[in-house]
Amino acid sequence: MHILFDQGAPVPIAAYLREHTVRTTLQEGWDTLANGELLRVDEAARFDVLLTTDNDLAYQQNLEGRKIAIVVISRNRWRLVQRMIRKIVAAVNAAEPGSYTLIEVPIK
């Protein structure tokens, strides 16, 4: 799968997704795009999954009929996210076109 990491997604997660192609919005030159435009260009570029920490994405954008799967991580601090890495990897691996998955990362 081709996975795009949004601005806040912790880049160290990529090491756990080695069987996939991982790019960042910065690498693609899309780091200044707003969510709606980012989703449009992601799909046009044929990315399969958007990994983001934007918890409001589902409320700000109409996700109906999207081709890209969206995996949202509720926090971006690596020391917290690291404890949920298996769950994150499983969500990415299970992602289907148009799906939306929220991974809650506890503070403690």
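Coordinate-derived values only; no laboratory data. None of these values were measured; they are calculated from a predicted model. Counting neighbours? That spans all protein chains shown, and the Cβs are built from the backbone with ideal geometry, glycine included.
Please compute, over every Cα-Cα pair in the chain, the percentage with a separation greater than 18 angstrom.
41
Of all GluC sites (Glu not before Pro) in region 1-63, which ones are in loop regions per DSSP and have a Cβ with at most 13 other Cβ atoms within 10 Å?
Here the GluC sites (Glu not before Pro) that fit, given the DSSP loop and packing criteria, are E19.
Roughly what angle does helix 85-94 make with the longest principal axis of the chain, taking Cα atoms, 0 to 90 degrees, to the nearest 10?
Its long axis makes an angle of about 30 degrees.
DSSP loop (so not H, G, I, E, B), at most 12 other Cβ within 10 Å: list which trypsin sites (Lys or Arg not before Pro) in region 67-102 pass both filters.
Sites meeting the loop and neighbour criteria: R77.
Let a ≥ b ≥ c be the square roots of the eigenvalues of the Cα gyration tensor of region 51-108; is it rounded (a/c under 1.5), or, if not, prolate (a/b larger than b/c) or oblate?
The shape class here is oblate.
Under 18 Å from a point 7 Å along the Cα-to-Cβ line of H20: which residues of region 78-93 have their amide N that close?
78, 81-93
Pairing the Cα long axis of helix 35-44 with the longest principal axis of the chain, what angle in degrees results, from 0 to 90 and rounded to the nearest 10?
80
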